[in-house]
């Protein structure tokens, strides 16, 4: 799988790196950053990602919902999956109203995330994206 680039935005470095490594192990290219500001800098440089996995609760001036709004302003077609704890479920629903593709509760199950990524790739509709989605679903069937 070559082109399905995923951006993981989470201030918890261990979680972020573990998730990126788990995606790469499944041949899904992924990069990460630790803040909304860093993510926006990538989008402003013209980077494009098939999906953004975005933590809602991040310290500093920019939380996940603000980051989501800014990403959608720069790149309206960006598909964003929000990560949330039980305490911020209401915030997740706000994120859905702001245009997030979906949300997952932490701790996430990798299978659930992979299914969401497959759905996003299906929506994109290109032959390459459909092939990538099929590959993800084959991986899910094996587990």
Given (1) in a loop (DSSP other than H, G, I, E, B); (2) closer than 24 Å to residue 137 by Cα, index of the condition residue 62 fails: (2)
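Looking only at residues that are part of a loop (DSSP other than H, G, I, E, B) and within 14 Å of the chain's Cα centre (by Cα) in the range 102-118, which one is surrounded by the fewest Cβ atoms within 10 Å (Cβ to Cβ)? Let's see the steps before the verdict.
We begin by selecting, within the range 102-118, every residue part of a loop (DSSP other than H, G, I, E, B); these are 106-109.
Among the residues that remain, those that are also within 14 Å of the chain's Cα centre (by Cα) are: 106, 108-109.
Numbers: 106: 15, 108: 16, 109: 10.
Once the filter is applied, the top-ranked residue is 109.
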So residue 46 fits all but one of (1) in contact (Cβ under 8 Å) with a residue 24 or more places away in the chain; (2) part of a loop (DSSP other than H, G, I, E, B); what number is the exception? (1)
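Looking at 48, 44 in this structure, which one is more than 14 Å from the chain's Cα centre (by Cα) and surrounded by fewer than 15 Cβ atoms within 10 Å (Cβ to Cβ)? Outline the logic, then answer.
Numbers: 48 fails: more than 14 Å from the chain's Cα centre (by Cα).
When all the criteria are applied, what remains is 44.
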Which pairs turn up if I take residues in the range 17-41 that are on the phi > 0 side of the Ramachandran plot and look for partners that are part of a loop (DSSP other than H, G, I, E, B) and surrounded by 15 or more Cβ atoms within 10 Å (Cβ to Cβ) with beta carbon separation below 8 Å, at least 6 apart in sequence or on another chain? 27/1
Selection within the range 74-101 - assigned to a helix (DSSP H, G or I) and either at pLDDT 95 or above or over 13 Å from residue 40 (Cβ atoms) (or both): 86, 87, 88, 89, 90, 91, 92, 93, 94, 95, 96, 97
Matching residues in the range 3-34 - criterion: being in contact with a helix residue (DSSP H, G or I) (Cβ under 8 Å, 6 or more places away or on another chain), surrounded by fewer than 19 Cβ atoms within 10 Å (Cβ to Cβ) and over 19 Å from residue 140 (Cβ atoms): 3, 31, 33, 34
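Here is a list: 74, 136, 53, 65. Which entry is touching a strand residue (DSSP E or B) at 6+ places or on another chain (Cβ under 6 Å) and either over 13 Å from residue 8 (Cα atoms) or touching a residue at least 12 places away in the same chain (Cβ under 8 Å) (or both)?
Numbers: 74 fails: touching a strand residue (DSSP E or B) at 6+ places or on another chain (Cβ under 6 Å); 136 fails: touching a strand residue (DSSP E or B) at 6+ places or on another chain (Cβ under 6 Å); 65 fails: touching a strand residue (DSSP E or B) at 6+ places or on another chain (Cβ under 6 Å).
Exactly one residue qualifies, and that residue is 53.
The values are calculated or read from the model by the stated rules, or taken from the named source; none is laboratory data. Computed from a predicted structure; not experimentally measured. Here the Cβ is made from the backbone with ideal geometry for all residues, glycine too, and neighbour counts use every protein chain on show.
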